[in-house]
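The next block holds one structure in the form of structure tokens; read it before the comments.
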Amino acid sequence: MSKILKSPAKYVQGPDALRTLDQYLQGMGNRLLVIISPNGMKRMGDTLQSGLDGKPYELTYELFQGECSQRQIDDLTNRAKEKGSTAVIGIGGGKILDTAKAVAYEAGLRSVIIPTVASTDSPCSSLSVIYRDNGEFERYLFLNTCPDMVLADTSVIAKAPAALLAAGMGDAMATWFEARACGASGSPNQTGGQPTRAAAGLAAMCWELLQEYGPQAKKDAEAGVCSEALETIVEVNTYLSSVGFESGGLAAAHAIQKGFTMIPQLHCQYHGCKVAFCTLTQLVMEAAPKQEVDAVLRFCCDVGLPVCFSDMGYYEPDPALLCLAAEKACVPGSTVHHMPFPVTPELIYGAMLEADALGKKYRQNL
């Protein structure tokens with residue numbers, strides 16, 4: 001099996017980068033379909049428009065309706081075709097960006113991804129997570145390529161709630177532990193190939209930089225300061241983790257998070273927050289060294305990530321729903337089977353409970 005690494009054609013990051021967007025649109029044509037939320041339009045519309053004023057671009061704005069569902073993708077794809085769009089621009093959080101990537105794929109167009117938060121590692125990937133209209137996970141949509149461009153304006157991201165940056169750190173934290181598991185089992189990455197050394201290095205770098213810069217970046221985000229620490233963590237959350245997970249591979253943490261979509265009480269939680277707890281669950285499954293588990297617990301507590309169900313507002317976990325989530329995580333084709341040992345719903349259920357107990361105990365001793 002060949003080794004494969006996928007990455008966006010261009011990655012741009014820096015303060016006020018959105019104001020110079022036109023400098024990076026070569027080859028995108030001039031009819032741009034912009035997918036953005038109503039709130040994002042209020043916050044970003046003027047900045048985007050001013051950056052393109054006097055330039056030969058025709059913008060069509062489409063307001064995102066809240067879920068990256070096949071219904072919405074189909075509607076927006078038809079709209080892009082009706083307008084003769086030459087490229088799709090997605091501006092916002094993970095689900096908007098996944099929708100924009102899917103629309104560009106379905107319509108055969110170029111894609112420009114502009115995250116307004118660093119809350120997930122989805123922006124740079126050639127993957128869209130498709131949900132049902134009720135928020136339940138439906139499937140992964142594997143795209144031919146990564147976005148043509150990803151632009152992260154750190155002036156915008158620094159103004160977002162710090163909890164979103166922390167959620168992105170939870171998503172990024174899983175990157176190394178899942179890539180390591182794939183390496184140990186010889187499992188393929190998300191492209192269907194074997195991980196390259198570069199992918200493994202990027203995944204390991206995620207965890208190293210998170211521990212070094214994460215706590216300070218969270219403080220700077222709370223103050224709205226676009227600091228070196230925040231710049232570093234934005235790159236970790238947005239680029240390193242994205243290329244690292246796709247080219248390094250996914251394992252139990254994200255599979256269990258998919259299972260959590262079966263628990264209505266957790267739907268309101270950010271993806272990265274759930275992934276953080278699921279990473280702890282994966283470490284329990286692996287019987288990881290106490291020092292490593294403690295490092296994850298310490299990091300999560302330092303940046304405000306959950307280490308137990310009560311941290312996610314799930315104060316009385318329903319055993320039946322936890323079992324259902326564990327079963328969902330183990331369906332055929334799930335990345336949970338990339339672990340270097342057989343995984344059953346019973347193993348996951350027990351690991352969830354043990355992770356919850358470890359997290360509660362750790363918090364009590366702070």
Selected residue (criterion: nearest to GLU136 (Cα to Cα)) from residues of segment 68-84 that are of a type in the set (S, T, N, Q) and part of a helix (DSSP H, G or I): GLN70
Subset of segment 95-143 [open to solvent by 20 Å² or more (accessible area, probe 1.4 Å), within 18 Å of ASP75 (Cβ to Cβ) and outside any strand (DSSP E or B)]: LYS95, TYR105, GLU106, ALA107, GLY108, LEU109, ARG132, ASP133, ASN134
Some residue of segment 178-199 being part of a helix (DSSP H, G or I), among the charged types (D, E, K, R) and under 20 Å from LEU127 (Cα atoms): yes
Lone unmet requirement of (1) closer than 25 Å to LEU164 by Cα; (2) touching a residue at least 24 places away in the same chain (Cβ under 8 Å); (3) among the aliphatic types (A, V, I, L, M); (4) crowded, with 16+ Cβ neighbours inside 10 Å for MET41: (2)
Residue among LYS218, LYS274 that alone is in a helix (DSSP H, G or I), touching a residue at least 12 places away in the same chain (Cβ under 8 Å), farther than 25 Å from SER187 by Cβ and in contact with a Leu (Cβ under 8 Å, 6 or more places away or on another chain): LYS218
Residues satisfying the stated conditions in segment 207-255, i.e. closer than 13 Å to PHE299 by Cβ and among the hydrophobic types (A, V, I, L, M, F, W, C): TRP207, LEU209, LEU210, ALA217, ILE233, VAL236
Per-region count, segment 269-278, residues out of contact with any His (no Cβ under 9 Å at 6 or more places or on another chain) and open to solvent by less than 40 Å² (accessible area, probe 1.4 Å): 5
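Yes/no matrix, rows are residues, columns are (1) farther than 27 Å from GLU231 by Cβ; (2) touching a residue at least 60 places away in the same chain (Cβ under 8 Å); (3) aliphatic (A, V, I, L, M):
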site	(1), (2), (3)
GLU136	yes, yes, no
LEU151	no, yes, yes
ALA166	no, yes, yes
ASP171	no, yes, no
CYS182	yes, yes, no
THR191	yes, yes, no
Out of VAL336, VAL293, VAL284, sole residue that is within 21 Å of TYR140 (Cα to Cα), β-branched (Val, Ile, Thr) and out of contact with any Phe, Trp or Tyr (no Cβ under 8 Å at 6 or more places or on another chain): VAL336
Residue selected from segment 292-337 under the condition polar (S, T, N, Q) and part of a helix (DSSP H, G or I), by the criterion most open to solvent (accessible area, probe 1.4 Å): SER310
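The values are calculated or read from the model by the stated rules, or taken from the named source; none is laboratory data. Please read these numbers as outputs of a predicted model, since none were measured by experiment. Positions of Cβ are backbone-derived with ideal geometry, glycine not excepted, and every protein chain shown enters the neighbour counts. Heavy atoms of the whole protein, side chains included, go into the accessibility calculation; ligands, DNA and RNA do not. Shrake-Rupley method; radii C 1.70, N 1.55, O 1.52, S 1.80 Å.
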